[in-house]
Amino acid sequence: MDFLIFQAPILMVQASLDGILLGILFALIAYGMALQWGVMNIINIAQGDLVILGGYIAYSMYLAGIHPGWGVIVSPIVMFFVGWGLYKLVINKVVDRDLFISILATFGIAIVFQQLMNFIFGADVVVAQSEYGTTMLFDNSVTLPNSKIFSAFISLLYAVVLVIYMKKSKLGRAIRATAQNARAAKILGVDTEKVYAATFGINAALCGVAGALIAITFTLHPYVGLPYTVRSFMIVIVAGLGNLPAVAVSGMGLGVFEEFADYILGTEFRIGSVFMLLVFILVYRRFKLSRKREYLK
Amino acid sequence: MNKIAKLFITFISALTLTLASITSSFAKVEGEYIVLGSAISLTGKYSSNGVHTQNGYNMAVDRINKMGGVKVGGKSYKFEIIYYDDESNPKRAAQLAERLIKQDGVHYMLGPYSSGLTKAIAPVTEKYKIPMVEANGASRSLFTKGYKYLFAVLSPANQYLEVAIDLAVEKNGGKPVKIAQAFEQDAFSQDVRLGILDAAKRTGSKIIIDDKLPKELNDMAATLAKVKATKPDVLVVSGHTKGALTAIRQISEMKVDVPMLAMTHCDAAKLSKQHGKKSEYALCASQWHKNLSYKDSFFGSGKKYDKDFKKEFGYAPPYQSAESSAALLVFKDAFERANSFDRDKVRDALKTTEMQTFYGNIKFGPGGQNVAKPMILFQVRCKGDTCENKVVAPTKWASDKFFHPIPKWSERG
């Protein structure tokens, strides 16, 4: 136990802001996962690897002398087609099958992607420099990298655009209809095949945005995708499917929780404490459900 | 099945059988070749360092073979290595070690890349009493298990940053210092941490932050915020290449002012290239640097090795390559002193090794670790936009003076 954070309360501001900025970025990845989970009933183990691939696209731009910040536009476009292609190649064969089959299939995709990235970009850890500078608050006692603020802002922007798109556009309505009842949607003339492909593409595009942001805020390596998958999976579990604002809140909440756990319990309990929280939430949910069931009886 | 397919299958099986019989005839010492075996990470997460290791081995094999080979019993033999790709996976590495020993009949092994993989292989070589000279497993736990057939040409992990603490105390006028440290939770980094704990105890220094970073962590903002709040005299970070890159990125972005920053894996992370001026003044532990004044008759000096390696492979040799080359020199020396191919005689000869190579002095301690070579520290220094690693300690080889304290971020351009 460490009480430094209580002795220096300004650290609470730093921890909260760090947690929120980190959480929004994770929420974007989780948002894509929730979308395709809800629509296609597929848990995508390769989510994190799509993120890293998106990051490598931004990194390639950086190597070519283009500012990696532009990756947030280029990467999702490229990744949309990667996602679309992936659907046509593999996912369409598992979409109506058992959940286990889709987990296995996406696990396979994850391995293939890791090796491909290793083959193309090498096994070195790399970073792209954004040179965005630093924002200092409270007489320099709270410092926030502008790259993190930029990441959070872009993530929010994409999330808002997507929410509006899902509400207003024809494809968005078709996606929502398919999520509610695929058979009924099909009967009413929705081309569900196309909807599925688009959904997977949109998810990959969101991963692309997140990856480009990770390239300028953290580090890239072909084998670091899994933690991103696990994290987004957790956020979705906490938030529930089909509840997009909840995904954002849950992402930020977990981010802040994790930062505070780091200060109080120690860095080694950071990840563990988040999993503990997850267990509590699941138990609590079950408890609530069983009460409701009794009431219905 | 049609005829052509059948014919094809027969052909392939015949070919496989022929190849199989060829490989088994390669075993141990055949004709004029001494066959060594090595499982090495050519794919997977260690693949870049795996390739550095392999290049180091190959370079030394070529050089020794060209310069007359190994003389045993009045006859000259050449080295040959059988490699298998362990996919950076410890389980696979252990299987491949068994295969090298049992199927290929290898009697002498070279180490894989990384402490984790060496740990997986060591019990196998020990079981079959196969002498292994390894160059890339520095974890202290390798040398405390009482292995009798394991020899490491490199300094153990706990020595990596001990010198840095001594340096900090020296700069503090001999008074104890406040240490903040963050280490990844893996065998190697935790061994480095043990070394710091020893050094802190010895100098009476106090450890005020002691964070253990999760392996999957990409963000150390919390640790750095604590460092900002507590103002230690020295910050120590070790978490492989990812840790080094993350630390520099976030220290520069969060404007964390600390008088001294000591790390590992700076050269493997290409810190000075990837982060440029942001990495300036970082102090890094290294097993080897080309400017050291060690000499041998095969590679000449470190500088010459650097030049020859660049010519052959097109890039400057990281210390992983240099130490791997040194492993072959050790084997050659041991074979010649044993004057025999008997495994136990070779092992006994290895045990009494005392030699100088371009990479450093080599003498094995009771656990098999190299006790004759100190670690060196270099500091990243920049001229304009180009940054270089300059040796600053030990003083014997220092090309530049250790710059202390690190200027505040507000004063750095």
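The values are calculated or read from the model by the stated rules, or taken from the named source; none is laboratory data. As the structure is a prediction and not an experimental result, all values here were calculated from the model. Cβ sites come from the backbone with ideal geometry, for glycine too, and all protein chains shown count toward neighbours.
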- Exactly one of B:262, B:269, B:282 is modelled with pLDDT of 90 or more and on the phi < 0 side of the Ramachandran plot, and that residue is B:262
- Message: If I go through region B:219-236 residue by residue, how many of them are hydrophobic (A, V, I, L, M, F, W, C), touching a strand residue (DSSP E or B) at 6+ places or on another chain (Cβ under 7 Å) and under 18 Å from residue A:270 (Cα atoms)?
- Response: 2
- Message: Being outside any loop (DSSP other than H, G, I, E, B) and farther than 30 Å from residue B:30 by Cα is the requirement here; does residue B:356 meet it?
- Response: no
- Query: Looking at this structure, is residue A:100 surrounded by fewer than 24 Cβ atoms within 10 Å (Cβ to Cβ) and touching a residue at least 40 places away in the same chain (Cβ under 8 Å)?
  - Reply: no
- Message: For a quick check of your reading of the model, give me the residue pairs whose first member lies in region A:193-205 and is of a type in the set (Ser, Thr, Tyr), whose second is part of a helix (DSSP H, G or I), with beta-carbon atoms closer than 6 Å and at least 6 apart or on different chains.
- Response: A:196/A:40; A:199/A:36; A:199/A:39; A:199/A:175
- Task: Spot the failing condition for residue B:47; the list is (1) within 14 Å of another protein chain (Cβ to nearest Cβ); (2) out of contact with any helix residue (DSSP H, G or I) (no Cβ under 9 Å at 6 or more places or on another chain); (3) not aromatic (Phe, Trp, Tyr), and only one is missed.
- Result: (2)
- Query: Any residue at all in region A:9-28 that is away from every other protein chain (no Cβ under 14 Å) and at pLDDT 85 or above?
  - Reply: yes
- Item | Scan of region A:207-231 for residues that are of a type in the set (Gly, Ala, Ser) and within 9 Å of the chain's Cα centre (by Cα), ordered by number | A:210
- Message: Yes or no: region B:397-405 includes at least one residue that is free of Cβ contacts under 8 Å to residues at least 60 places away in the same chain and either buried (at least 16 other Cβ atoms within 10 Å of the Cβ) or more than 19 Å from residue B:161 (Cα to Cα) (or both).
- Response: yes
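Residues checked against (1) in the same structural domain as residue B:261 (by TED's automatic domain parsing); (2) out of contact with any strand residue (DSSP E or B) (no Cβ under 9 Å at 6 or more places or on another chain); (3) under 21 Å from residue B:246 (Cβ atoms); (4) in contact (Cβ under 8 Å) with a residue 12 or more places away in the chain:
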residue: B:173; (1), (2), (3), (4): yes, yes, no, no
residue: B:176; (1), (2), (3), (4): yes, no, no, yes
residue: B:183; (1), (2), (3), (4): yes, no, yes, yes
residue: B:186; (1), (2), (3), (4): yes, yes, yes, yes
residue: B:193; (1), (2), (3), (4): yes, no, yes, yes
residue: B:197; (1), (2), (3), (4): yes, no, no, no
residue: B:206; (1), (2), (3), (4): yes, no, no, yes
- Message: Taking the criterion of being crowded, with 17+ Cβ neighbours inside 10 Å, within 13 Å of the chain's Cα centre (by Cα), away from chain B (no Cβ under 14 Å) and at pLDDT below 85, would at least one residue in region A:245-267 satisfy it?
- Response: no
- The condition of being assigned to a helix (DSSP H, G or I), touching a residue at least 12 places away in the same chain (Cβ under 8 Å), over 19 Å from residue A:16 (Cα atoms) and not aromatic (Phe, Trp, Tyr) holds, among A:279, A:274, A:236, A:247, only for A:236
- Determine if region B:94-101 includes at least one residue that is within 14 Å of another protein chain (Cβ to nearest Cβ) and not polar (S, T, N, Q). no
- Message: Between a residue in region B:93-113 that is more than 18 Å from residue B:348 (Cα to Cα) and any residue that is buried (at least 18 other Cβ atoms within 10 Å of the Cβ) and of a type in the set (Phe, Trp, Tyr), which pairs come within a Cβ distance under 8 Å, given they are 6 or more apart or on different chains?
- Response: B:96/B:84; B:99/B:84; B:100/B:84; B:113/B:46
- Check every one of the strands (runs of 3 or more DSSP E) wholly within region B:169-287 and list those with 1 or more residues that are under 30 Å from residue A:62 (Cα atoms), over 18 Å from the mean Cα position of the chain (by Cα) and within 11 Å of chain A (Cβ to nearest Cβ). B:178-184, B:206-213
- Query: Of all the residues that make up region B:241-266, how many are among the polar types (S, T, N, Q) and either touching a residue at least 40 places away in the same chain (Cβ under 8 Å) or not assigned by TED's automatic domain parsing to the domain that holds residue B:214 (or both)?
  - Reply: 2
- If you check residue B:234 against the conditions, is it farther than 23 Å from residue A:136 by Cβ, modelled with pLDDT of 90 or more and in the same structural domain as residue B:379 (by TED's automatic domain parsing)? yes
- With respect to residue B:341, is the statement that it is of a type in the set (A, V, I, L, M, F, W, C) and under 18 Å from the mean Cα position of the chain (by Cα) true? no
- Message: Restricting to region B:318-339, name every residue that is in a loop (DSSP other than H, G, I, E, B) and at pLDDT below 90.
- Response: B:318
- Message: Looking at the structure I just gave you, is residue A:106 assigned to a helix (DSSP H, G or I), over 20 Å from the mean Cα position of the chain (by Cα), of a type outside the set (A, V, I, L, M) and surrounded by 20 or more Cβ atoms within 10 Å (Cβ to Cβ)?
- Response: no
- Query: On the given criteria, is residue A:65 over 21 Å from residue A:233 (Cα atoms) and either in a helix (DSSP H, G or I) or aromatic (Phe, Trp, Tyr) (or both)?
  - Reply: no
- Query: Do we find a residue being surrounded by fewer than 22 Cβ atoms within 10 Å (Cβ to Cβ), closer than 22 Å to residue B:389 by Cα and of a type in the set (Gly, Ala, Ser) anywhere in region B:312-335?
  - Reply: yes
